[in-house]
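Notes follow once the structure below has been shown.
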């Protein structure tokens, strides 16, 4: 890497002669090998899915949730340093709480994301802090309907129809592009999200993982952020596993044909 | 001898020194020295403005029942007739609030905030009625200590941490007490005697709050008694309304909030004998 | 010689996105003696190995009571654990004061996690150098959490941290599925057995072993002579499968050292490692 040894990459908030901020780029590296996050914007809401890598079989299944609730109507999911995502979520909670106490209404998601984007950006400006080592997907439903955004370690954020971060993001992205977004229903998107996470996990089959999913839907959850009910989760998992196997069979057949 | 009658009977200057008029004129004095005393005097709520009247509540065998009317009075004016004063927190807790309506709204928002905060962590341990009561007690008591009270009396009802019916009072001073039958405000004079008579008929010693002798009260009986109280309250409390809500929380059936109930079977026959009642002078 | 330029503080990412200072802090856990945690459907248990700096010195405390329903076992820098336990005690009291309820364990460990995370993102403070096993019992049953200085907190059925803990983890991984419906005594026995897997040249004695168990009836911590029966019982268990003499779960009979204020003050004064 050209950055190493130049001395411009040793401190946050320092530009290199060609105008790069290496510490922010390195923060991005912390995301690249992390568990995959997927967010899908649907016609009636937003769906989140997370590939939670299981580091030990002694862990309690179904616990250790990584998808975080920000407010009744907003959820956050991040790939990268998990403790950083809790930090950012706490900040987002504070923001939406303040908004509520000031305006007596739920925080509009674009406004929330803008505030959080600023907060992340601030962590690139000072050498007394480090940038966030996460890509965070924030989504929810407000009076203008569903929203989905992804914030990068630099503080940059974009709105998405389908967002993916973490190790399997390339596969996830190409799968997301095949979907008819945002004209899909949350119920269908659940299955797609599950399938995409299973597909994105292909590359590291040796590692166990647990699928974690939550959603915010006007029709299904009354506009509230909730974890997906056990039966729907199970169903989505089953479908994902099936299509996973089919794909493998297809590959096998192709191989034989060749 | 001082011959000025104005000074007679007053502290003598030669003994006590000249009276410091800046004390009497303190307002002007502190106006002039704003830089030094900018905070003086500071006044917080001195009286409630728009008010709600009594909340009543009683325990029965496996739950509680509470009622409050929908009136928001502005002094003696029936200003608002659609105020809901029974606040559902969850399916095990309800808060009935009387007193200042804007402070009621503040409490409502505090509870909403608490609800959101408790959904942050994946805890799955819900607040029970006694937790909510303790929280509100702390809020009210700390506001009283700041000399800026939330001008309310309230009753928290529901199912407590011990999985038993819970009913407890707390007011703007932070005073708290429990009883199988409770009321706030004017209801303390009008409804409590009726509720206590009911308890007595049931052989219940209402001074024993921890006894479970509210258990031989059936839900239907309790409801009948509460309806009777609401009727008497509407008869005699001039700041009340004949439209009210009732909430029932039981271990068996969870929470049920009934709105827009009307007081029934009233008889205003006696009214014609009251001088000054109704339009025009009759006698 | 190769010099790592990226490991001198917590605010510098390495070119591969790693935080070396945080990783080094995780190493500090392994310097401390082992702690074991495990749980059944009704109870959670801590078993820890105490060290003394010299023969005449006292053993350093491994299990700290937080509240009547929470205890922690530490591996690593004991003073750091004291700071964290102090914080946790305050939070537990706050919950009691404001809501009159025992603090939910998940909430407690999340508070710890968030506190630790702060030290990994700003200059001027170091990450905590201690790992904790947190056991507790609340409205959703018994819990066991592992806390790491990175700010990571995870819920486990069973886990081991500290020096030579891999042996214990292997034992736990093999056996944890049978912990579900064990009795209190058996659960402690399994914990003691797991701790044995971390030993080298030493024996478990009543002076170097600490045990804590928490369940619906509250927290009990066993130190010194009160540990003795569990060490003996373990051999009996080994020989006879399961101890049949007493199938009672009445651990109270053993007259445990309920941690009192006296013990609490000990915690404050001891900082030998």
Exercise for the section: Would you mention how many residues in segment C:198-235 are touching a helix residue (DSSP H, G or I) at 6+ places or on another chain (Cβ under 9 Å), assigned to a loop (DSSP other than H, G, I, E, B) and within 16 Å of residue C:45 (Cβ to Cβ)? Expected result: 4
Problem - Selected residue (criterion: nearest to residue C:136 (Cα to Cα)) from residues of segment C:28-56 that are in a loop (DSSP other than H, G, I, E, B) and at pLDDT 95 or above - result: C:43
Fill in the blank from the handout: All conditions in (1) in contact with a helix residue (DSSP H, G or I) (Cβ under 7 Å, 6 or more places away or on another chain); (2) surrounded by 18 or more Cβ atoms within 10 Å (Cβ to Cβ) are true of residue C:7 except (2)
Fill in the blank from the handout: Conditions (1) closer than 21 Å to residue A:41 by Cβ; (2) within 13 Å of chain C (Cβ to nearest Cβ); (3) in contact (Cβ under 8 Å) with a residue 24 or more places away in the chain -> residue A:68 fails only (3)
Practice task
Go through segment B:118-135 and count every residue that is free of Cβ contacts under 8 Å to residues at least 24 places away in the same chain, at the interface with another protein chain (Cβ under 8 Å from one of its Cβ atoms) and assigned to a helix (DSSP H, G or I).
Solution key: 2
Fill in the blank from the handout: Within segment A:33-58, residues away from every other protein chain (no Cβ under 12 Å), within 22 Å of residue A:156 (Cα to Cα) and not in a strand (DSSP E or B) come out as A:35, A:36
Practice task
Name the one entry in A:122, A:89, A:30 that is without any contact (Cβ under 8 Å) to a residue 40 or more places away in the chain, out of contact with any helix residue (DSSP H, G or I) (no Cβ under 7 Å at 6 or more places or on another chain) and within 11 Å of another protein chain (Cβ to nearest Cβ).
Solution key: A:89
Exercise for the section: Could you run through segment B:180-198 and say how many residues are buried (at least 22 other Cβ atoms within 10 Å of the Cβ), under 11 Å from residue B:58 (Cα atoms) and out of contact with any helix residue (DSSP H, G or I) (no Cβ under 7 Å at 6 or more places or on another chain)? Expected result: 1
Handout entry: Those residues of segment C:163-199 which are surrounded by fewer than 17 Cβ atoms within 10 Å (Cβ to Cβ), within 14 Å of chain A (Cβ to nearest Cβ) and in contact (Cβ under 8 Å) with a residue 40 or more places away in the chain, in sequence order
Key = C:180
Handout entry: Qualifying residue in segment A:190-208 (condition: in contact with a helix residue (DSSP H, G or I) (Cβ under 9 Å, 6 or more places away or on another chain), farther than 30 Å from residue B:124 by Cα, in contact (Cβ under 8 Å) with a residue 12 or more places away in the chain and surrounded by fewer than 16 Cβ atoms within 10 Å (Cβ to Cβ))
Key = yes
Handout entry: Spans of strands (runs of 3 or more DSSP E) in segment A:130-227 with at least 1 residues more than 14 Å from every other protein chain (Cβ to nearest Cβ)
Key = A:134-142, A:145-151, A:157-159, A:162-165, A:209-217
Handout entry: Enumeration of residues in segment A:11-27 that are facing chain C (nearest Cβ under 8 Å), crowded, with 19+ Cβ neighbours inside 10 Å and either in a loop (DSSP other than H, G, I, E, B) or modelled with pLDDT under 90 (or both)
Key = A:12
Fill in the blank from the handout: When segment C:151-162 is checked residue by residue, the ones that are more than 16 Å from residue A:59 (Cβ to Cβ) and either modelled with pLDDT under 95 or within 12 Å of chain A (Cβ to nearest Cβ) (or both) are C:151
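The values are calculated or read from the model by the stated rules, or taken from the named source; none is laboratory data. Here the structure is a predicted model, which is why all the values come from computation and not from measurement. With ideal geometry, Cβ positions are generated from the backbone for all residues, glycine too; neighbour counts draw on all protein chains shown.
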